[in-house]
Amino acid sequence: MAERTTPVETLSPWWRNSVILVLALGFTVLIWIAVQSYRDAPPIPDRVVSGDGTTIFTGDDILAGQQVFLRYGLMENGTIWGHGAYLGPDFSAEYLHTLAGDTAQSLARQHYGRDPKELNVTERESVAGAVGTLLKENRYDFRTRTLTFLEPEAASYRQQIRKWRDYFSHPTNDGGLPGAYISDPRELEQLTSFFAWTAWASVANRPGKPYSYTNNFPYDPEVGNRPTSDAFLWSALSLIMLLGGTAAVLFAFGKFDFLGWRGRGEHIHPQMLPGATTDSQRATIKYFVVVALLFLAQTLVGGATVHYRVDPGSFYGIDISSLLPSHILRTWHLQLAIFWVATAYVAGGLLLAPSLGKEPKGQVGGINFLFGALVVVVVGSLAGEMLGVRQMLGSLWFWFGHQGWEYLDLGRAWQILLAVGLAVWGFLLFRALAPARQDPERREIASLFLYGALAIPLFYLPAMFFTGTTHFSVVDTWRFWIIHLWVEGFFEVFVTAMVAVIFYNLGMVSHLTAARVVYLDALLYLGSGIVGTGHHWYWTGQSAVTMALAAMFSALEVVPLTLLTLDAWDFVKLTRGKCDVCNKPVAIPHKWTFYFLIAVGFWNFVGAGVFGFLINLPIVSYFEVGTMLTPNHGHAAMMGVFGMLAVALTVFALRQVLTDEQWAGPEKFVRVSFWGLNIGLALMVVTNLFPGGVLQLFDVLDHGYWHARGPGFLNGTIPRLIEWLRMPGDLVFIVAGAFPLLAATGLTYRMVRKRS
């Protein structure tokens, strides 16, 4: 008589179909927005001429100036339309406000024969109105592709060439750039042409509209730049979207009590035992040593970068701007963050794949090859960025040096190698997961794990869609496909899949619960996040339609983040619970991994949820973008979520390859690191980033965006004091957080090497 087998329970196909539908609809809208960005982008004129037809500068000068801006790494010094670094000014806002002052000076002398400060109230109001009228008028001729500057605009352009030459003359002027950084007269003319065009697009009314190409950003009442009615309307409607989305999801969680990490009636006991690892799993530990090294390096250059905000001329009496200028430190701070977090995810995937499938022949060799390639890309790109901004690579700066685009600074050749490396990683995972995808019980979770991994190299491809001469508005469209969609979308889904695999392998959840959570998170994150990517494009030359769509969906991004508080509580219950079937205690050897996952839930709600929602509304973003509230959200979300997840994976790997006796040593350092990282990050936010951002936001409202981003605000007594108050948090984060993590990884690596 044949043995009867119990059929494996499967999920409803509606989970998979719903995710496919969300992806299809979301990318249909997002691709449409991307296509529209080419059409809606502010035009680059062939010629900019004076009233008598004399050429002032050309479209080639504008694009050459954009390349000067990129080649010298100035997006890691200041911003254009609010996007970039915060050590220098917003170049478009500063040029525009200077233009307004020069125009007022010219009109006051023309009409009243006196300077503006000598006029009475009525005369000043008359001049102010004339300035706004003059600058708001769009004198671009689409037929001839010619832009006409009136005499005040042409005169201001000539004067501002000298202004920007002076700006780049000394580190105290420009936030820590090398002395006489840009001195070539022709490059200064081209750079000023680029700034002039960005300022024109900021103020000149879009044809047929009562607002500029950038939706009246930046805020500057002196030129008539005030929030548009769309910014108010879609901010209000997005709040309704948020309330409706939250109610719908909470209703679903109330109705279906099997949602979340705690499944019903599941027989759960640990299966993946610490110390029992394969050769390839032990081979991944060197990746985590690199993770800790890169993390420590990132914190050190981050601390030095912050110092440039309070004392740009020296580093405790030593001028380091010639050796380590601020913009290269800021570049490394961002690139190292991406590298160490991504390395942890890559290594985590390689560690977990054999636990679901098997150890393929030659897997260790593939892991070692990929490790060597990773080292080459990291070291090569960081060195190339330094050589690039020092103008030592000639015409190869774009390929091997500093591309100039914030977050995507590494040269194009390094980007290609990175994408190839990620594809090799996907192949290694595919080999290891192949047996699991033939097993009815493990097929679903193994496939989700693999698809999440393969999406990472696939959605890095938009980084190849532009060059140094691509229209700035178009580049920002594709740039945030990487910054937001790649990192906050598909990285998030893949990490959820990794956590699900960990829980499944530990016997804490069934395959049904693991797969269900991945599908649910994919629906929630991608359903809101794909179109929500557009909240980065409110002020970069796209239309009000983009603002409407982005505001509505971006508000929904908060919904899944609020549910992470439930995840955090589930993590607590899983570590202390009993089996639902046999009522025996569930022994979990990965206590500190769970602690870091609980921290992820907290920081995701606070950093991505609260602080993210604070700045995502169009009417708030209009005044806030590029102030300290942006890095307040960035630090709390990037480190608090993706960083803590990377550390959680690191700690999981360290514990998994060691026996109980061996773990006693590294655990001491992990315990210190947990509290050091979380307390240090909290101090950064509470003492510096949040209060400094609120103070800067008030200054925007009081004086205009240009003032809050300039020395008039940054050199004030209270802003400087707030910057110095950052030091305790940084020290705790580095000394008690990053150093102990490096000690734990180094100690583990030494023990693993001895064992092998």
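The values are calculated or read from the model by the stated rules, or taken from the named source; none is laboratory data. In this text the structure is predicted, and so the values were computed from the model without any measurement. Cβ: placed from backbone, ideal geometry, glycine included. Neighbour counts: every protein chain shown. To get the accessible areas, we keep the full protein, side chains included, count just its heavy atoms, and leave off ligands, DNA and RNA. Shrake-Rupley method; radii C 1.70, N 1.55, O 1.52, S 1.80 Å.
Could you list all residues from the stretch 626-682 that are among the aromatic types (F, W, Y) and either under 14 Å from the mean Cα position of the chain (by Cα) or farther than 27 Å from P274 by Cβ (or both)?
F642
In this structure, is F674 farther than 25 Å from G348 by Cβ, assigned to a helix (DSSP H, G or I) and among the aromatic types (F, W, Y)?
Spelling it out, it is not the case that F674 is farther than 25 Å from G348 by Cβ, assigned to a helix (DSSP H, G or I) and among the aromatic types (F, W, Y).
Of all residues in the stretch 438-451 being open to solvent by 10 Å² or more (accessible area, probe 1.4 Å) and in contact (Cβ under 8 Å) with a residue 60 or more places away in the chain, which is nearest to the chain's Cα centre (by Cα)?
Here the residue is L448.
Do you know which of the residues in the stretch 358-384 that are farther than 23 Å from Q298 by Cα and open to solvent by less than 20 Å² (accessible area, probe 1.4 Å) is farthest from the chain's Cα centre (by Cα)?
So the residue we want is P360.
Is it true that some residue in the stretch 144-162 is within 30 Å of T305 (Cβ to Cβ), charged (D, E, K, R) and either within 35 Å of the chain's Cα centre (by Cα) or in a helix (DSSP H, G or I) (or both)?
yes
Among the numbered criteria (1) under 18 Å from G303 (Cα atoms); (2) buried (at least 24 other Cβ atoms within 10 Å of the Cβ); (3) hydrophobic (A, V, I, L, M, F, W, C), which one does L654 miss?
Checking L654 against (1) under 18 Å from G303 (Cα atoms); (2) buried (at least 24 other Cβ atoms within 10 Å of the Cβ); (3) hydrophobic (A, V, I, L, M, F, W, C), the one that fails is (1).
Can you confirm whether the stretch 324-336 contains a residue that is outside any helix (DSSP H, G or I) and open to solvent by 20 Å² or more (accessible area, probe 1.4 Å)?
Yes, the stretch 324-336 has at least one match.
Conditions first: (1) open to solvent by less than 40 Å² (accessible area, probe 1.4 Å); (2) farther than 11 Å from G357 by Cα. A432 passes all but one, so which condition is the exception?
(2)
Run down P711, P719 and say which single residue is within 25 Å of the chain's Cα centre (by Cα) and modelled with pLDDT under 95.
Being within 25 Å of the chain's Cα centre (by Cα) and modelled with pLDDT under 95 holds for just one of P711, P719, which is P719.
Please specify each residue of the stretch 78-106 satisfying the condition of being more than 15 Å from P218 (Cβ to Cβ), open to solvent by 10 Å² or more (accessible area, probe 1.4 Å) and either of a type in the set (A, V, I, L, M, F, W, C) or within 25 Å of the chain's Cα centre (by Cα) (or both).
L87, A104
Could you go through the stretch 132-147 and let me know if any residue there is modelled with pLDDT of 95 or more and acidic (D, E).
Checking the stretch 132-147: at least one residue is modelled with pLDDT of 95 or more and acidic (D, E).
Mind checking which residues of the stretch 200-222 are of a type in the set (S, T, Y) and open to solvent by less than 10 Å² (accessible area, probe 1.4 Å)?
S202, S212, Y213, T214
Yes or no, residue by residue, for (1) open to solvent by less than 10 Å² (accessible area, probe 1.4 Å); (2) part of a strand (DSSP E or B); (3) under 30 Å from P440 (Cβ atoms); (4) touching a residue at least 40 places away in the same chain (Cβ under 8 Å):
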site	(1), (2), (3), (4)
L293	no, no, no, yes
G303	no, no, no, yes
S322	no, no, no, yes
I338	no, no, no, yes
A344	yes, no, no, yes
L350	yes, no, yes, yes
S355	no, no, yes, yes
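Run down L683, L701 and say which single residue is within 16 Å of V306 (Cα to Cα), modelled with pLDDT of 95 or more and open to solvent by 10 Å² or more (accessible area, probe 1.4 Å).
It is L683.
S238 fails exactly one of the following numbered conditions: (1) farther than 30 Å from D61 by Cα; (2) open to solvent by 30 Å² or more (accessible area, probe 1.4 Å). What is the number of that condition?
Only one criterion in (1) farther than 30 Å from D61 by Cα; (2) open to solvent by 30 Å² or more (accessible area, probe 1.4 Å) is unmet by S238, namely (2).
What are the pairs with Cβ atoms under 7 angstrom where one residue, in the stretch 385-398, is in a loop (DSSP other than H, G, I, E, B) and the other, located anywhere, is of a type in the set (A, V, I, L, M, F, W, C)? Sequence gap at least six, or different chains.
These pairs meet every condition: L393/L387; L393/F400.
Those residues that are in a helix (DSSP H, G or I) and open to solvent by 10 Å² or more (accessible area, probe 1.4 Å), I need them from the stretch 587-596; list them, please.
Correct list: K591, W592, Y595.
Can you pull out the residues in the stretch 97-148 that are aliphatic (A, V, I, L, M), under 24 Å from A708 (Cα atoms) and touching a Ser or Thr at 6+ places or on another chain (Cβ under 8 Å)?
Listed by number, the residues that qualify are L99, V131, L135.
Within the stretch 176-199, work out how many residues are open to solvent by 10 Å² or more (accessible area, probe 1.4 Å) and in contact (Cβ under 8 Å) with a residue 60 or more places away in the chain.
6
Any idea how many residues of the stretch 66-82 are within 17 Å of G710 (Cβ to Cβ) and touching a Gly at 6+ places or on another chain (Cβ under 9 Å)?
Of the residues in that region, 6 qualify.
Tell me yes or no: at least one residue of the stretch 155-168 is acidic (D, E) and touching a residue at least 12 places away in the same chain (Cβ under 8 Å).
Scanning the stretch 155-168, I find no residue that is acidic (D, E) and touching a residue at least 12 places away in the same chain (Cβ under 8 Å), so the answer is no.
Test W478 against the criterion of being within 30 Å of Q36 (Cα to Cα) and open to solvent by less than 20 Å² (accessible area, probe 1.4 Å), and give yes or no.
Judged against the criteria, W478 is not a match.
Only one of F57, F69 is closer than 27 Å to G84 by Cβ, open to solvent by less than 10 Å² (accessible area, probe 1.4 Å) and not in a strand (DSSP E or B); which?
Of F57, F69, the one residue that is closer than 27 Å to G84 by Cβ, open to solvent by less than 10 Å² (accessible area, probe 1.4 Å) and not in a strand (DSSP E or B) is F69.
Determine if the stretch 544-559 includes at least one residue that is under 16 Å from E492 (Cα atoms), touching a Phe, Trp or Tyr at 6+ places or on another chain (Cβ under 7 Å), at pLDDT below 85 and of a type outside the set (S, T, Y).
Looking for residues that are under 16 Å from E492 (Cα atoms), touching a Phe, Trp or Tyr at 6+ places or on another chain (Cβ under 7 Å), at pLDDT below 85 and of a type outside the set (S, T, Y), one finds at least one in the stretch 544-559, hence yes.
E492: at pLDDT below 85, open to solvent by 10 Å² or more (accessible area, probe 1.4 Å) and not in a loop (DSSP other than H, G, I, E, B), yes or no?
Judged against the criteria, E492 is a match.
So Y749 ticks every box in (1) open to solvent by less than 30 Å² (accessible area, probe 1.4 Å); (2) more than 30 Å from Y622 (Cβ to Cβ) but one. Which box is left unticked?
(1)
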